[in-house]
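Contents: one structure, followed by commentary.
The values are calculated or read from the model by the stated rules, or taken from the named source; none is laboratory data. These numbers were taken from a predicted model, which means no experiment stands behind them. Here the Cβ is made from the backbone with ideal geometry for all residues, glycine too, and neighbour counts use every protein chain on show. For the accessible areas, the whole protein counts, side chains as well, though only heavy atoms, and no ligand, DNA or RNA atoms are used. Shrake-Rupley method; radii C 1.70, N 1.55, O 1.52, S 1.80 Å.
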Amino acid sequence: MLSMKGKYGLKALYHLAGLPEGVVTQSMEIAEAQGMSKKFLDAILADLRNSGFVFARKGRGGGYCLTRKPEEIMVGHALRVLDGPLAPISCASRTAYHRCNDCVDEATCPVRLTMLEVREAIAAVLDNKSLSDLRHMVDSEADGLGRMLGIS
């Protein structure tokens, strides 16, 4: 399950992906726009900065921006930084594998085999979805809703 840290981190990255290149924004602006706690967001932004997703400019006129173009940042990579492995159980993880203590035979464990399939499906979506794709999805939904409601 996606944690609040992961959810807020994706919302913050989504917000930053909507900024023109070279423009920075303060965490308070992101927190207000996305409806989240600034204190919690600051901790998340620190993790994203330490892992190379965002740049922080200090001082007057400072703020945050993405380190790369939105189309180069994949949702799955960011979520691994924020929430850890994508696999629902440790024996199905590629990045944090740990054998289950109660497993008699990993090769024939129906739970592990199913969770490996789940992990692959999750990774197939998240590792191929960029921040730019998130922006396009939201824009498309807003356009579709506007057309449905007769708003142009």
log10 I(q)/I(0) for segment 37-152, Debye formula on C-alpha points only (no solvent), q = 0.16, 0.18, 0.19 Å⁻¹, two decimals, reads -0.91, -1.00, -1.04
Total charge of the residues flanking residue 106 in space, meaning their Cβ is under 10 Å from its Cβ, with Lys and Arg +1 and Asp and Glu -1, is +1
Protection proxy (average C-beta count within 10 Å per residue), highest first, orders 85-94, 65-74, 10-19 as 10-19, 85-94, 65-74
For segment 1-121, the per residue accessible area (1.4 Å probe, Å²) is 58
Taking Cα atoms only, Rg over Rh for segment 4-95 with Rh from the Kirkwood formula is 0.99
On the accessible surface of the chain, probed at 1.4 Å with all protein chains in place, carbon and sulfur together account for a percent value of 56
One finds the C-alpha centres of segment 37-91 and segment 11-27 to be spaced, in Å, by 12
Dividing the helical contributions, -39500 (n - 2.57) per DSSP H run of n ≥ 4, by the residues of the chain yields a 222 nm value, nearest 500 deg cm²/dmol, of -17000 deg cm²/dmol
